[in-house]
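For reference, the structure discussed in these notes is given below.
The values are calculated or read from the model by the stated rules, or taken from the named source; none is laboratory data. On a predicted model such as this, the values are computed, not experimentally measured, just so you know. Note: ideal-geometry Cβ built from the backbone for every residue, glycine included; neighbour counts use all protein chains shown. Just the protein is used for accessible areas: all its heavy atoms, side chains included, with ligands, DNA and RNA removed. Shrake-Rupley method; radii C 1.70, N 1.55, O 1.52, S 1.80 Å.
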Amino acid sequence: MKSPLLSLPGAVPAEGRDEGVAAHYGDLFREQRALAAGTGFVDLSHRGVVAVSGDDRLSWLHLLLTQHMTDLPPGRATEALILSANGHIEHALYLVDDGETVWAHVEPGTREELVAYLESMKFFYRVEVADRTEDVAVVHLPAGSIAEAPEGAVVRETAHGRDVFLPRAELESFAAAHGPAAGVLAYEALRVEGHRPRLGFETDHRTIPHEVGLIGSAVHLQKGCYRGQETVARVQNLGKPPRRLVFLHLDGSEVLLPAHGTPVRLAADGEEGRQLGFVTTAVRHHELGPIALALVKRNVPVDAPLIAGNTAAAQETVVEP
């Protein structure tokens with residue numbers, strides 16, 4: 001879905017998964033600094049919006065998701081996953097209940113498959129599942145923002161800021177009242193700085209929650225059964241995940257950032273050495289310079305200098321080996 005905010009001055013369209021909104025509005029670092037200072041907003045209207053209503057919505061979602069949902073109070077933000085039978089991450093949902101409906105925003109390109117799965121699991125439960133992407137959009141107010149959300153909007157408040165679900169027809173009026181706008185590149189830079197994994201970037205078809213640090217935040221370990229729970233419990237209690245998420249400080253002398261999927265190797269082995277992982281997201285940060293997240297094999301020494309492609313990289317631990 002193409003955002004009307006692409007008509008704002010300086011807007012440069014994003015590409016790939018974030019197509020449909022602005023990558024930036026002419027000054028990436030200024031936009032990052034504004035968000036870090038708690039001003040402005042980010043247009044996330046390309047993300048899918050799914051609503052679940054009905055008397056059984058919380059107990060039903062509790063059966064399907066990795067998160068404890070039965071006692072979720074209205075207004076409290078949470079996040080959850082849907083796993084495969086083998087425990088691999090299939091969907092990530094960012095949720096809030098308004099007292100009548102659970103609202104979730106999800107990755108672009110995933111809502112149709114998610115809605116189809118939820119519909120297939122309704123059985124006799126008193127729930128209604130709706131794809132609301134056509135008429136409801138998500139915008140993000142950064143942590144520290146004193147801006148007021150529009151009256152009647154559903155707000156999901158976290159330590160990183162507020163996700164606001166508002167009528168898509170109100171995007172332009174929201175932008176006029178809450179600017180300046182920041183693009184998704186600024187939002188992504190702060191996400192990488194915060195070590196927050198994103199579906200389809202830090203995950204692939206075989207990622208389990210332990211590898212990317214989602215135990216606790218998106219996976220509740222003291223709840224009832226759900227698909228994939230056996231793998232979660234087995235790894236948590238008896239083993240270690242095969243890979244782990246790391247944070248990389250990249251050599252700032254390189255002009256280009258390593259692309260998603262760029263091989264990560266030990267620096268001592270050089271560019272012909274054995275691949276030990278891959279870059280998931282690389283960004284330019286207004287204070288830290290070029291940084292990245294990467295998935296590497298669990299047994300990679302935590303203090304080993306690495307290279308991402310041909311770029312030198314110093315690692316910080318996100319997930320313990």
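Considering (1) of a type in the set (Phe, Trp, Tyr); (2) closer than 22 Å to GLY26 by Cβ; (3) open to solvent by less than 10 Å² (accessible area, probe 1.4 Å), the lone condition that TYR187 does not fulfil carries the number (3).
The set of residues in the stretch 188-204 being under 9 Å from the mean Cα position of the chain (by Cα) and among the aliphatic types (A, V, I, L, M) consists of LEU199 alone. Among the residues of the stretch 244-279, those identified as surrounded by fewer than 19 Cβ atoms within 10 Å (Cβ to Cβ) and touching a residue at least 60 places away in the same chain (Cβ under 8 Å) are HIS249, ASP251. What are the residues in the stretch 3-36 that are more than 20 Å from HIS160 (Cβ to Cβ), in a loop (DSSP other than H, G, I, E, B) and of a type in the set (A, V, I, L, M), if any? Correct list: LEU8, ALA11. For SER53, the criteria (1) over 24 Å from GLU157 (Cβ atoms); (2) small (Gly, Ala, Ser); (3) open to solvent by 30 Å² or more (accessible area, probe 1.4 Å) hold in every case but one, which is (1). Checking each residue in the stretch 295-314 for being open to solvent by less than 60 Å² (accessible area, probe 1.4 Å) and either of a type in the set (A, V, I, L, M) or more than 28 Å from GLU15 (Cα to Cα) (or both) picks out LEU295, VAL296, VAL300, ALA304, LEU306, ILE307, ALA308, ALA312, ALA313, ALA314.
Filter the stretch 162-176 for residues that are assigned to a strand (DSSP E or B), in contact (Cβ under 8 Å) with a residue 24 or more places away in the chain and crowded, with 18+ Cβ neighbours inside 10 Å and give the result.
So in the stretch 162-176, the residues assigned to a strand (DSSP E or B) come out as 162-167.
Filter once more, so that each one left must be in contact (Cβ under 8 Å) with a residue 24 or more places away in the chain: 163-167.
Listed by number, the residues that qualify are ASP163, VAL164, PHE165, LEU166.
THR39 - would you say it is crowded, with 20+ Cβ neighbours inside 10 Å, in contact (Cβ under 8 Å) with a residue 12 or more places away in the chain and part of a loop (DSSP other than H, G, I, E, B)? No, not satisfied. Among the residues of the stretch 57-66, at least one is open to solvent by less than 10 Å² (accessible area, probe 1.4 Å), among the hydroxyl-bearing types (Ser, Thr, Tyr) and assigned to a loop (DSSP other than H, G, I, E, B). Can you say whether GLY10 is at pLDDT 95 or above, closer than 28 Å to ILE215 by Cβ, over 17 Å from the mean Cα position of the chain (by Cα) and open to solvent by less than 60 Å² (accessible area, probe 1.4 Å), as far as the supplied structure shows? Here the answer is no, as GLY10 does not meet what is asked. A single entry from ALA233, ALA292, ALA282 fulfils the requirement of being open to solvent by 20 Å² or more (accessible area, probe 1.4 Å), assigned to a strand (DSSP E or B) and either at pLDDT below 95 or closer than 28 Å to HIS91 by Cβ (or both): ALA282. Of the residues making up the stretch 190-199, just one is touching a Gly at 6+ places or on another chain (Cβ under 8 Å) and open to solvent by less than 30 Å² (accessible area, probe 1.4 Å), namely PRO197.
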